[in-house]
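Below you'll find the structure, written out as structure tokens, and then a few comments.
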Amino acid sequence: MTDIEVPIGETYRLTQYAHGGGCACKIPPDELESMVGGVNFPRQSEVLVGLESGDDAAAVRFEGDTAIVATTDFFTPVVDDPYDWGRIAAANALSDVYAMGASPLVAVNLLSWPRGVLPVELAERVLRGGADVAASANCALAGGHSVDDPEPKYGLAVTGTASASGLLRNDTGKPGTPLSLTKPLGIGVLNTCHKATGEVFPQAVETMTTLNEGAARQAVAAGVDCATDVTGFGLLGHLRKLVRASGVSAVLDSSAVPYLEGARWAVRSGHVSGGTRRNLDWVQGCAELSAVDEHEALLLADAQTSGGLLVAGEIPGAPVIGELVERAEHEITVR
């Protein structure tokens, strides 16, 4: 099959060319842990953050107090607009670097494209979106890799630097520390509604394309040493990983959790991804959720794409949604 041109006046709904969308397509956390748990990955003394805690990126000491932080992230279309998808995917990949308290230096593109099915002009718009976000992050974007694939996928592999002694990690949480969330939840249910109906939710696109750079800098400046970003495993899933790695528990105030406009309507209307339901299943056995109804629980487990940072500490403008406590019967208690 050969490349085709975009027919004049024809619109392509990119979300219809993939079985799922965005970070909701992640392999479920329990399956992922089982998959990597039996692999003997090489370990070196210079590795500061590896697989042990399931953190957002890998960190390796380079020299002195300088750490190299590396990550990769890519996914199927989460919105129909190719330029916005590129922007969202790039912001999401950069988020893993920011979640470690690092600054991105260079990234490379990762592109899978169904040649002969979708026009190459659409792929160009995806890449342009990624390039514009990388430029806004002052991150060089050079080259990458592409393959012919039945489903379109796009993302970045990103390398950055940080202070080795000032990394944000998910295994350093301490009892008595407040929990702050830097972006509202509800991205997943709005994206699922978009995929089903074609309705565009600008508030979700704006949230997904907003970089976590400012929040990360505020956290580092405040002396925070524990954080993670909230993406495909939802708030409850990423919080579970944090408290488990830190050996603590958490109490969430459900009334303090912010949501995007339309999120509650979307979940009541049944626009819930399979990834979100799998997230909730994963935390059911270790979380006390009796204080909230099923819709609220699904929103707390909603699979976010390019979500905010969950910070063990207080930073300006971010609501406090709970706190870390001594290890208790439940890893997470929602009130």
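Restricting attention to the range 157-189, the residues that are farther than 27 Å from ASP65 by Cα and polar (S, T, N, Q) add up to 2. All of (1) in contact (Cβ under 8 Å) with a residue 60 or more places away in the chain; (2) under 29 Å from PRO202 (Cβ atoms) hold for ALA102 with one exception: (2). Screening the range 270-335 for strands (runs of 3 or more DSSP E) wholly inside it with 1 or more residues that are surrounded by fewer than 16 Cβ atoms within 10 Å (Cβ to Cβ) returns the ranges 320-325. Kindly indicate whether ALA227 is over 19 Å from VAL334 (Cβ atoms), out of contact with any Phe, Trp or Tyr (no Cβ under 8 Å at 6 or more places or on another chain) and assigned to a helix (DSSP H, G or I). When the stated conditions are applied, ALA227 does not pass them.
One line per residue, one yes/no per condition, for (1) small (Gly, Ala, Ser); (2) surrounded by 24 or more Cβ atoms within 10 Å (Cβ to Cβ); (3) on the phi < 0 side of the Ramachandran plot:
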site	(1), (2), (3)
PRO104	no, yes, yes
GLY130	yes, yes, yes
ALA134	yes, yes, yes
GLY144	yes, no, no
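For residues in the range 181-211 being outside any helix (DSSP H, G or I) and small (Gly, Ala, Ser), which is modelled with the lowest pLDDT? So the residue we want is GLY198.
The values are calculated or read from the model by the stated rules, or taken from the named source; none is laboratory data. Everything numeric here is computed off the predicted structure, so don't read it as measured data. Backbone-built Cβ (ideal geometry, glycine too); neighbour counts: all protein chains shown.
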